[in-house]
Number of protein chains: 2
Amino acid sequence: MGLDTPKDKPHDRLAALLTDDMGQVNALIRERMASKHAPRIPEVTAHLVEAGGKRLRPLLTLAAARMCGYAGEDHTKLAATVEFIHTATLLHDDVVDESSKRRGRPTANLLWDNKSSVLVGDYLFARAFQLMVEPGDLRVLDILSNAAATIAEGEVLQLTAAQDLRTNEEIYLQVVRGKTAALFSAATEVGGVIAGVEEAQIRALFDYGDALGIAFQIADDLLDYQGESTATGKNVGDDFRERKLTLPVIKAVAAADAEERAFWARTIEKGDQRDGDLDHALALLDRHGALDATRADARGWADKAKSSLEALPRTELRDVLIDLADFVVARLY
Amino acid sequence: MGLDTPKDKPHDRLAALLTDDMGQVNALIRERMASKHAPRIPEVTAHLVEAGGKRLRPLLTLAAARMCGYAGEDHTKLAATVEFIHTATLLHDDVVDESSKRRGRPTANLLWDNKSSVLVGDYLFARAFQLMVEPGDLRVLDILSNAAATIAEGEVLQLTAAQDLRTNEEIYLQVVRGKTAALFSAATEVGGVIAGVEEAQIRALFDYGDALGIAFQIADDLLDYQGESTATGKNVGDDFRERKLTLPVIKAVAAADAEERAFWARTIEKGDQRDGDLDHALALLDRHGALDATRADARGWADKAKSSLEALPRTELRDVLIDLADFVVARLY
């Protein structure tokens, strides 16, 4: 999902409040993605890292640490770690999805080859682990290595669940935690851990990241059926055409009669799609109120994210994080 | 390289001396590669992990720790870590090499798909990092995360260097350290670190693993030009046909006249190979003594591995590791 439309986006306000920290993170990212021996590495990573990603995940780590009164510098290493893990998964995702575009530019696997995407992704993972070791905090290492495992497990689960009509909301949530929320929640949690705050606040930061990530991904999946292509960089119905079983369809399948079920089996499971199928799918989503229900779920998660932050001291950063949760679902109306 | 031929192989003697430890490692591997949520994961990993790999790398970690008098159990976690990293790199290598066979069986990317190989490899990397965090030793984490970065960097370097006639012995050595020696040396070094022995002994263990890994890889590359297909599971000249610039060819290219250089440029760089080219390549290797020189290099590294162990107390395990270094180059005559 793009975070581009309204003015004074919470994301930009976060970046403005954390300019100095983010400058250090960007310097670290450039320094650590370099490779003396393998010039292909900076070619591929520069393409991706400089491509104007929003750096939302490292901003979450920086915000969490500073909100909790952290006065050191190690949070920048953890923020860079989180961005490296994110970038590595993007490189591997593009191989897995056989994507040709990301953020409006050709993907690395198209410009170079799948081999480079796989191996440079591995390099960034390894660099992430080197970076996360440096602050010397074992709990941080535990959190981030667990997140990496959850991410990989979610990606594999998605591979088998995406076109299987038996996929229910529980499995969908596991996939979403893997592909999005696990890194969000690790990003915020490690900020609190490195700041040394009490357990209830660390838990609150985890809950915020988890709920924000889920809201973010549900909104993304919903916008695929209702968004305008300019705002999202995707066309309406891309997920349908790519036979992805996302939350709106899962809800419609759960309410389907035999004939509707046969339609979903043909279009999603078998991938036999004909003219007019997208319109029929949209009509079925509408008939069962699937988009409204999905929107309500996204809002529910955004509200959970906001209320989690009540455990934390009231600061400007906290206010912006609250606005960020609203913003993620603001375009769903 | 297969370690299959003679009786009383050092590898089997290592396994026999470390039966109990290795049983724990195997149990850990089975336990940690499981996934509640994504059944595809154990399918892919079982295929690979149960496929009769020699478990040489975890045996090195166990041997190093026990040789140094380690009495705890954490070395089994590090041994499993090393095997997971190795298995993950095999999965990704098979995608990168577009291989269809490994250890005489179809590769995972052929049985399932490249997507599964990429993502399950990522899962094993993440599981490796979870495991290595558990003993709570920051120096161990530093060593293993550095090894992971060296491995990935070496793989990317190989991608660009393999078909480039400018690749010299120095670059070859960097690639070999990445693809083989970095994990060998990390495997032995962490055994000493976890045992808490003095720096000189840790350094000796690193040097042993490094030199053993290099000898191992040079022997592998040499056998491709002189081995019998039954012993190696490869056919003579596979590397030539796959246009891999390994040490024998690097030596022949360095000594080549203009006509010979044109031959290597056509066959390796351009990949334009015709009937009789392999025979001509073998004749050129012979003309410049490239196979003899490569064999001498492999022996030199094996000798370096053996002499490194002099810093360590004389034990049965040490004797077997010395024999292992000899064994790696024993079939090169």
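Worth pointing out:
- The stretch B:310-328 versus the stretch A:269-287: alpha-carbon centroid distance in Å: 67 Å
- In this simple spin-label approximation, residue A:307 and residue A:199 carry label points 7 Å from Cα along the Cα→Cβ vector, and these lie 2.2 nm apart.
- Taking all protein chains as they are arranged and a probe of 1.4 Å, the heavy atoms of residue B:73 leave approximately 90 Å² accessible to solvent.
- A 1.4 Å probe run over the protein assembly as shown, with the rest of the protein chains in place, finds 38 Å² accessible per residue.
- Partner chain coverage, peptide A:28-38 - average Cβ within 10 angstrom: 3
- Out-of-range pairs (alpha-carbon distance over 30 Å; input A:54/B:270; A:9/A:77; B:77/B:244; A:54/B:36; A:77/B:306; A:115/B:304): A:54/B:270; B:77/B:244; A:54/B:36; A:77/B:306; A:115/B:304
- If you take all other residues with their beta carbon under 10 Å from the beta carbon of residue B:13, and give Lys and Arg +1 and Asp and Glu -1, the sum is -4.
- The modelled label-to-label distance for the pair residue B:242/residue A:139, using points 7 Å beyond Cα in the direction of Cβ, is 4.7 nm.
- Charge dipole (Cα centre; +1 on Lys/Arg Cβ, -1 on Asp/Glu Cβ; no other charges) of chain A amounts to roughly 580 debye.
- Shown for the stretch A:125-140: residues covered by the partner protein chains by 20 Å² or more of accessible area relative to the chain by itself (probe radius 1.4 Å), namely A:125, A:126, A:129, A:130, A:133, A:136, A:138.
- Counting every alpha-carbon pair across the protein assembly as shown, the share separated by more than 37 Å comes to 41%.
- Near residue A:316: Cβ cut-off under 12 Å, other residues only, Lys/Arg at +1 and Asp/Glu at -1. The net charge is +2.
- Value of Rg/Rh across chain A [Cα atoms, Kirkwood radius]: 0.97
- Normalised by the number of residues in chain A, the average gap of Cα pairs under 8 Å and 6 or more apart makes the relative contact order 20 percent.
- Each other copy places its own label point for residue B:8 at 8.3 nm from this one, sorted shortest first, where the point lies 7 Å along the Cα-to-beta carbon line.
- Backbone N atoms of the stretch B:174-213 closer than 18 Å to the 7 Å Cα→Cβ label point of residue B:71 belong to residues B:192-198.
- With Cα atoms, 0 to 90° folded angle of helix B:182-195 axis to chain B main axis: 20 degrees
- For residue A:203, the label point sits 7 Å beyond Cα toward Cβ; its separations from the matching points on the remaining copies run 5.0 nm, from shortest to longest.
- In this assembly of identical copies, the label point of residue A:303 (Cα plus 7 Å along Cα-to-Cβ) is separated from its counterparts by 7.8 nm, sorted shortest first.
- For the stretch A:15-22, 3J(HN,Hα) computed residue by residue from phi via the Karplus equation (6.51, -1.76, 1.60; θ = phi - 60°) reads 4, 5, 6, 10, 4, 5, 4, 5 Hz, glycine and proline entered as x.
- Carbon + sulfur, % of accessible area of the stretch B:10-330 - ligands and nucleic acids excluded, 1.4 Å: 46 percent
The values are calculated or read from the model by the stated rules, or taken from the named source; none is laboratory data. Bear in mind the structure is a predicted one, so any value in this text is a computation, not a measurement. Note that each Cβ is placed from the backbone with ideal geometry, even for glycine, and that neighbours are counted across all protein chains shown. These accessible areas exclude ligands, DNA and RNA; they are computed on the full protein's heavy atoms, side chains included. Shrake-Rupley method; radii C 1.70, N 1.55, O 1.52, S 1.80 Å.
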